[in-house]
Amino acid sequence: MNQRLIVTKPPSPATSMDTFIHILAAILLLSAMAVGWVLTLVGMPGNWFMVLAAAGYAWIGPQTGLIQLEWKTVIALSVLAIIGEIAEFAAGMVGARRAGGSRRAAVFSLIGSLIGAIGGATIGIPIPVLGSAVAAVVGGALGAFAGAAFAEHTRGELAGQSLKVGQAAFWGRLLGTGIKTVVASIIAAVTIITLAT
């Protein structure tokens, strides 16, 4: 009976460490995608955080293999982020302008929405897991309402017109946040799919 003993060489420690670092980097990238999604939801530049995380991963991460992220993907993510920014800006502006709001109302709406989103996220709503995110969205919309209505009122507009512009800013902010969050979801999905294929 002629049996051969096949001896395989164990992986070198450097290869094992490289694999560990690549997997850790991919986990950090996916975590950054989740943080960016939440930042987008609360009115912060989360889409750009996601793009920067992807760019950092493409630069530092593995250049070949299963969990590689190419620069063409980062460019596609950047285009998506630009689309999200344009959509958010347009939704807010169109809402306030359609109701007859001034440029000042649009600026105050933006400032109010940021303050409202941060305040809402800080205070939160007693809903498990999603409370702060929901509060940030509602706070951002209420802040947009208050900012636009205040700007119109201080311009000398009647209360009815000020409230109409504020209401339009409220719905525009909700629509803009929704669109931008959908774009953030697409950015995260493209990143995950790219890493998995």
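None of the figures in this text is laboratory data; all of them are computed from the coordinates on show. No experiment lies behind these values; they were computed from the predicted model shown. Because the Cβ atoms are built from the backbone with ideal geometry, glycine has one as well, and the counts that use them run over all protein chains shown.
Note on the chain: dipole from Cβ charges, positive end direction compared against 78, 145, 63; the farthest Cα belongs to 145. The translational diffusion coefficient of region 39-197, from Stokes-Einstein at 37 °C and 0.692 mPa s with a Kirkwood hydrodynamic radius over alpha carbon pairs, comes to 199 µm²/s.
Only helical runs count toward this figure. For the chain, summing -39,500 (n - 2.57) over DSSP H runs of n ≥ 4 and dividing by all residues gives -28000 deg cm²/dmol at 222 nm. Normalised by the number of residues in region 98-186, the average gap of Cα pairs under 8 Å and 6 or more apart makes the relative contact order 32 percent. Distance from the C-alpha centroid of region 104-183 to that of region 18-57: 27 Å, rounded to the whole angstrom. Residue 154 sits among other residues whose Cβ lies under 15 Å from its own Cβ, and their net charge, with Lys and Arg +1 and Asp and Glu -1, is +1. Axis of helix 131-154 versus longest Cα principal axis of the chain: the two differ by about 30°, to the nearest ten degrees. Axis angle, to the nearest 10 degrees, between helix 13-41 and the longest C-alpha principal axis of the chain: 10 degrees.
3J(HN,Hα) along region 48-59, derived from phi through the Karplus expression 6.51 cos²θ - 1.76 cosθ + 1.60 where θ = phi - 60°, amounts to 6, 4, 5, 5, 5, 4, 5, 5, x, 5, 5, 7 Hz, with x in place of Gly and Pro.
Taking all C-alpha pairs of region 153-197, those more than 13 Å from each other amount to 67 percent. Computed from phi, the 3J(HN,Hα) profile of region 68-81 under the Karplus parametrisation 6.51, -1.76, 1.60 (θ = phi - 60°) reads 7, 10, 8, 5, 5, 5, 4, 5, 4, 5, 5, 4, 4, 5 Hz, with x in place of Gly and Pro.
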